[in-house]
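So the structure is just underneath, and the comments pick up after that.
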């Protein structure tokens with residue numbers, strides 16, 4: 001995709017053959033992978049960073065310093081952006097959920113969005129699309145499957161727990177951008193499967209030693225998505241102007257945590273692994289309040305994004321695990 005633009009900084013007109021995507025959280029798991037996808041599609045990428053004077057060897061990637069706490073952001077990169085992808089946010093599972101860290105989780109998402117949008121309000125810009133990350137933590141634990149077999153949908157009310165309230169504030173922080181005439185897409189993301197980090201890396205680590213760690217009874221449903229499909233969905237959110245509002249970013253097929261781990265064990269080690277059940281009390285001891293999310297069953301529907309025309313490269317857990325473990329030829 002190549003578009004031609006002419007835009008003005010001060011009294012100087014500049015021409016660019018590549019539309020510009022500004023990414024917050026661009027150095028994280030999703031952001032770094034998404035950057036590669038967008039470059040392949042012909043975009044120029046500007047990544048907001050807390051590191052001063054950071055540079056890139058790739059001429060299509062540049063960095064711009066920002067500091068959310070001090071409300072510092074480069075106005076010129078805001079003016080230059082055709083699309084913004086807002087991924088910034090402290091890791092939900094990175095630290096114990098103390099009151100201070102809960103505040104950090106919320107503020108890192110909300111205040112960063114406010115900083116970007118306030119800058120848009122105060123300056124001329126050409127922004128067409130604002131894509132905000134969100135999470136299926138919006139929904140809480142599974143409802144009665146006899147009532148809704150397909151799982152949670154985008155119009156369901158948010159959970160009253162910490163992550164549900166976090167997602168509400170997170171999504172609300174991006175809403176003011178619509179008053180500026182900018183299209184807003186919010187992707188409520190499930191468990192991301194990637195070899196580069198996140199939950200999947202934690203699933204694999206014990207299996208490297210022949211142990212398949214099944215959490216509690218393992219019956220909790222995991223709504224997941226392969227990292228490539230997630231990044232393709234972000235690209236689609238930018239390029240498909242019919243997308244608007246919230247969408248569940250999860251694969252068509254859910255899986256229990258037990259079956260996910262056993263399938264992964266088979267693909268990594270054939271039969272040479274030992275299933276080990278990690279009891280609830282140990283999970284609570286290790287993870288504290290975060291164990292709520294580990295033990296939670298969440299069946300989430302992706303019908304809305306599929307109806308909008310999105311197709312998955314990895315619709316099944318077997319297809320995703322085959323790619324991630326290098327078993328494509330088996």
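Return one number: the angle in degrees, 0 to 90 and rounded to the nearest 10, between the long axis of the Cα atoms of helix 227-239 and the longest principal axis of the Cα atoms of the chain. It is inclined by approximately 30 degrees.
Per-residue packing, averaged as other Cβ atoms within 10 Å, sorts the ranges 151-159, 223-231 into the order 223-231, 151-159, beginning with the highest.
Taken along the Cα-to-beta-carbon direction at a fixed 7 Å, the label points for residue 126 and residue 244 span 2.3 nm. For the chain, taking Cα atoms only, Rg and Dmax work out to 20.5, 68 Å respectively.
Residue order for 44, 323, fewest other beta carbons within 10 angstrom first, comes to 323, 44. For the pair residue 204 and residue 37, a Förster radius of 30 Å applied to the C-beta separation gives a FRET efficiency near 0.85, rounded to the nearest 0.05.
Multiplying the residue separation of residue 270 and residue 74 by 0.36 nm and removing their Cα-Cα distance gives an extension gain of 65.4 nm.
Estimated from helical segments only, the mean residue ellipticity of the chain at 222 nm is -10500 deg cm²/dmol, where each DSSP H run of four or more residues counts as -39500 (n - 2.57). Neighbour counts of C-beta atoms inside 10 Å place 51, 165 in the sequence 51, 165, starting with the fewest. Listed from fewest to most Cβ neighbours within 10 Å, the set 203, 277, 139 follows the order 277, 203, 139. Ranked by the mean number of other Cβ atoms within 10 Å per residue, highest first, peptides 56-65, 104-113, 308-317 order as 104-113, 308-317, 56-65.
Any idea what log10 I(q)/I(0) is at q = 0.20 Å⁻¹ for the range 270-330, Debye with uniform C-alpha scatterers and no solvent? These q points yield log10 I(q)/I(0) values of -0.97.
Counting only alpha carbon atoms, the long axis of helix 257-269 and the longest principal axis of the chain meet at about 90°.
Annotation: peptides 256-266, 170-180, ranked by per-residue average of other Cβ atoms within 10 Å with the highest first, follow the order 256-266, 170-180.
Using the Cβ-Cβ distance between residue 54 and residue 103 with R0 set to 35 Å, the FRET efficiency from 1/(1 + (r/R0)^6) comes to roughly 0.85.
Cα centroid separation, the range 273-305 to the range 91-107: 18 Å.
Could you tell me the calculated FRET efficiency between residue 316 and residue 157, based on Cβ-Cβ distance and R0 = 30 angstrom, to the nearest 0.05? Once the sixth-power term is evaluated, E becomes 0.50. Helix 29-40 against the longest principal axis of the chain: what's the angle in degrees, Cα atoms only, rounded to the nearest 10? So the inclination is approximately 50 degrees.
When the Gaussian network model of the chain links Cα atoms closer than 10 Å, the mean-square fluctuations of 99, 150, 124 top out at 99.
Each reported figure results from applying straightforward, stated rules to the coordinates on display, with no laboratory input. Quick caveat, the model's predicted, so the values are computed rather than measured. Cβ: placed from backbone, ideal geometry, glycine included. Neighbour counts: every protein chain shown.
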